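Taking it in order: structure first as structure tokens, then the write-up.
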Amino acid sequence: MDKVSFKNEDSKKTISLTVDKKMIFIYGKNGSGKTTFSRSKDLDSKYVFNEDFVYKNVYIIDAEGAKVDSGVKNNFSELLVGKEVVELKMKQNKLEEIAKNLNNKLSDNDTFISSSLSAKGIPLTYNLLKNKIDESFIYDETKSIEEQMSIYKSEFELEQTITNDKELEINVNQIKKHENIKLLIEKIKGIPLLEEFLFSEEYPLLSKLNCTLKIINDNINNIKKLEELGKNKKVDKNDFPIIKSCLSLQEKSGSKNCVLCGNENIKEGIDEWKKIFEDKTVALKTQVITDLNTILAKCYTIISDKKIYEPVAPVTIANIIIFVEIIEKTLKELNSENAFIIEYKEISKEKFTEDILKKYEAIANYILKKYKDKTIFLNSSLNNVGMKIKSIKEAIEKNLKQNADIHKQSINEILKDLGLDKEISVDIDRLGGKIKYSLSVINSNLSKLSDGQKHKLALAIFLNTIKNDDLKGKTIVFDDPVVSLDELGYHFFKQYIIKNIMNNPDIDECPNLIILTHNFNYLYIQTSNIIINSELQTNTKILKLNSDGFKELDFELFKLDDIALFKKCLDNIKYEDELLDLSSLYNKIFREFLDLKLRILGNPLNGNPKEEIKKIIVDEEKRRTLQRQSDKLCSYSKDENITIEEAKDGFTLLSEMLIAIGFDEYISQKNIDLVNKVIKREEKDYCDLFYVVHEIASILKTDDSKYKNYINYLNHPRISFTKNMMSTSMDR
């Protein structure tokens, strides 16, 4: 990539950046077009960290605060799925498309087979190819369905008793002549007890019916015996089996009364048992009578059409009449309070059923012969592809779980590197039928994180997504990466870039890095190790951005600490607005010299200028004067609306104060003369030197509450010393 172009929303100009350095730092105020630049179509959005990434993948902000919606969850999941899951999912999609095509072909094939069988009058149950699978078959995904189907041969054999189409037609015509037999068999199959009587050699249904009839008969006899026992108060030994039976029934019934003991009125006990027996018997009898009547009704339907069936099945119709007589007799006995065990008479059975069923099978097998290989191929392919899809789904599930653990650990490690100790949980969320990752903060929730913590979380997630990529030749863009972070956070982020992104000793193997920021102090910290390294400086440029385009800033300006920068400005000052900006540094310069004096004298620093002045100035009157001057100088430095007269007065104060603490050579007479001669200029066009001072002034003099801690830190007298020490200690 040679250029990144974008259209500035304010100027409507198309602005282009030539990517001719490995590291490009772009400074621009809010609204200058930094975010628009980061949205350029010339950039790969995967490697761009900006507010779009945050709102799309981590959290969104609305009137209710920060939250995660379903869309964000889906986007977040896409970041974490990983290459292996993507490949597996693509393979799954391919197999599912194959399965869809196989299903369509199998459905068409089954429809054609069913139509062919039905046309010959063959029940579909004779389709022996239905769901027939070759267990050893493996579908080849590199070949088409048609290619594999054309060469597939199944080892499954269909018995063939019909050898040609002529024989087929003869058998079909025989079937058609026996349609009445087919209809009769269907009706008989609707009466299982009759079907057993007519065609079976064993009678399990009859045995079950006889068992019920025996119970009914026993109960009827027991009731009769109980009635006799009630007439005779004497109990004979021969009656013990009856009594034992009664006691057993009594235990099952749960009755509190006893027939033989514990009951003053034995007749009442017998009557109670009689009632129990009668209830059971009535229930059984009612059910049996209902069932037998249903059987008879169906049999009567067949007999009523015997003129249709007798010509083709005379023996079967005769046997049905015998069966009906047996059932009618059984019902008659039951209705007369009697029951007997049914015994079938020996009957001669017709063999036509066996013949017709064999004809069905023979015709079906002959028809199925030409569809055999195709059908078994489709069944087997669909089965094998289905197993592959299942295996892939299991692999995806396993991989997703592993990814959740891996990414959770990775994101937390990055957060630790960025200075956030909140632990993040990455879980799999299956709500809505879709597998996706869910992000949460352990023992808290996203909305309760501070702005800085939310930003670090978003930054950590972005860094995690590119962590394992080969970044050579990529262009990585960070749009205001340290927004809402503190001074220490700047160093953490800078160190992460050094160790994990721009970490190849051969700088040509590193990615292109573009960092956009509106934070001038962060810009200084981020470039502090580069400005003293000639090799890095060769591969770096610092630009400022406004609505008209880019302008390169001189690296030499970033080599100046606060004292050197102030002095260089004094040597080159011409205009009143330059002095007004420079006034923001008065108090800061004095306090740095104050600290310097203390270090020279070997005294500890405490950050309190009043106490530090006491340690340097012995004369009480001079000390009070210097303190008053310090207070006034401080007010000048913080005054957003300072006048040119106050700026000159403040400069005079600073000169006198520096002389008072022993630094009388820092401000020369030439500097004093230049300050006194400053003039108004017609059009503001800052040179790079005063552009830097102007940006520092706009930071120090802001009233925006979100910068209060930042201002306090910048105003601290040890800032230059501390910044340089931190930068040195944290750089490679």
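The values are calculated or read from the model by the stated rules, or taken from the named source; none is laboratory data. This structure is a prediction, so every number in the text was calculated from the model and none was measured. As a convention, Cβ positions derive from the backbone with ideal geometry for all residues, glycine included, and neighbour counts pool all protein chains shown.
Couple of notes before you dig in:
- Which numbered condition Asn8 fails, given (1) touching a Lys or Arg at 6+ places or on another chain (Cβ under 7 Å); (2) over 27 Å from Glu535 (Cα atoms); (3) of a type outside the set (Val, Ile, Thr); (4) surrounded by 17 or more Cβ atoms within 10 Å (Cβ to Cβ): (1)
- Restricting segment 532-545 to residues that are of a type in the set (Val, Ile, Thr) and assigned to a strand (DSSP E or B), the residue that is surrounded by the fewest Cβ atoms within 10 Å (Cβ to Cβ) is Thr540.
- Considering residues of segment 508-531 that are among the hydroxyl-bearing types (Ser, Thr, Tyr) and in a helix (DSSP H, G or I) only, the residue farthest from Ile699 (Cα to Cα): Thr527
- Every residue from segment 475-507 that is assigned to a helix (DSSP H, G or I) and within 27 Å of Ile699 (Cβ to Cβ): Glu487, Leu488, Gly489, Tyr490, His491, Phe492, Phe493, Lys494, Gln495, Tyr496, Ile497, Ile498
Residue-by-condition table, conditions (1) outside the structural domain of Asn572 (by TED's automatic domain parsing); (2) surrounded by fewer than 19 Cβ atoms within 10 Å (Cβ to Cβ); (3) over 19 Å from Tyr575 (Cβ atoms):
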{"site": "Lys638", "(1), (2), (3)": "no, yes, yes"}
{"site": "Thr643", "(1), (2), (3)": "no, yes, no"}
{"site": "Phe651", "(1), (2), (3)": "no, no, no"}
{"site": "Glu656", "(1), (2), (3)": "no, yes, yes"}
{"site": "Lys670", "(1), (2), (3)": "no, yes, no"}
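- Output for segment 167-197, where each listed residue is in a loop (DSSP other than H, G, I, E, B) and hydrophobic (A, V, I, L, M, F, W, C): Ile191
- Residue match in segment 300-312 (condition: outside any loop (DSSP other than H, G, I, E, B), surrounded by 17 or more Cβ atoms within 10 Å (Cβ to Cβ) and modelled with pLDDT under 60): no
- All positions within segment 647-701 that are aromatic (Phe, Trp, Tyr) and either within 60 Å of the chain's Cα centre (by Cα) or over 26 Å from Gln627 (Cα atoms) (or both): Tyr686, Phe690, Tyr691
- Lone unmet requirement of (1) buried (at least 17 other Cβ atoms within 10 Å of the Cβ); (2) under 30 Å from Leu457 (Cα atoms); (3) in contact with a Leu (Cβ under 7 Å, 6 or more places away or on another chain) for Ala395: (1)
- Close pairs from segment 615-626: first within 20 Å of Asp595 (Cβ to Cβ), partner surrounded by 12 or more Cβ atoms within 10 Å (Cβ to Cβ) and of a type outside the set (A, V, I, L, M), Cβ under 6 Å, at least 6 apart: Lys615/Asn603; Ile616/Lys597; Ile617/Arg623
- Residue match in segment 546-561 (condition: out of contact with any Asp or Glu (no Cβ under 9 Å at 6 or more places or on another chain), at pLDDT below 90, outside any strand (DSSP E or B) and aliphatic (A, V, I, L, M)): yes
- A single member of Tyr666, Tyr575 is touching a strand residue (DSSP E or B) at 6+ places or on another chain (Cβ under 7 Å), closer than 20 Å to Ile696 by Cβ, touching a residue at least 24 places away in the same chain (Cβ under 8 Å) and surrounded by fewer than 19 Cβ atoms within 10 Å (Cβ to Cβ), and it is Tyr575.
- Evaluation of Leu158 against (1) assigned to a loop (DSSP other than H, G, I, E, B); (2) loosely packed, with under 14 Cβ neighbours inside 10 Å (one fails), failing number: (2)
- Close contacts from segment 187-209, counting a first residue that is in contact (Cβ under 8 Å) with a residue 60 or more places away in the chain and within 16 Å of Leu292 (Cα to Cα) and a second that is among the acidic types (Asp, Glu) and in a helix (DSSP H, G or I), with Cβ to Cβ under 9 Å and a gap of 6+ residues or different chains, come to Ile188/Glu195; Leu193/Asp291; Leu206/Glu196; Leu209/Asp291.
- Any hit, segment 395-406, residues being in a helix (DSSP H, G or I), of a type in the set (A, V, I, L, M) and at pLDDT 85 or above: yes
- Being modelled with pLDDT under 65, surrounded by 15 or more Cβ atoms within 10 Å (Cβ to Cβ) and either in a loop (DSSP other than H, G, I, E, B) or of a type in the set (S, T, N, Q) (or both) holds for only one residue in Asn238, Asn263, and it is Asn263.
- Count - residues of segment 113-133 that are more than 21 Å from Ile356 (Cα to Cα) and surrounded by 13 or more Cβ atoms within 10 Å (Cβ to Cβ): 3
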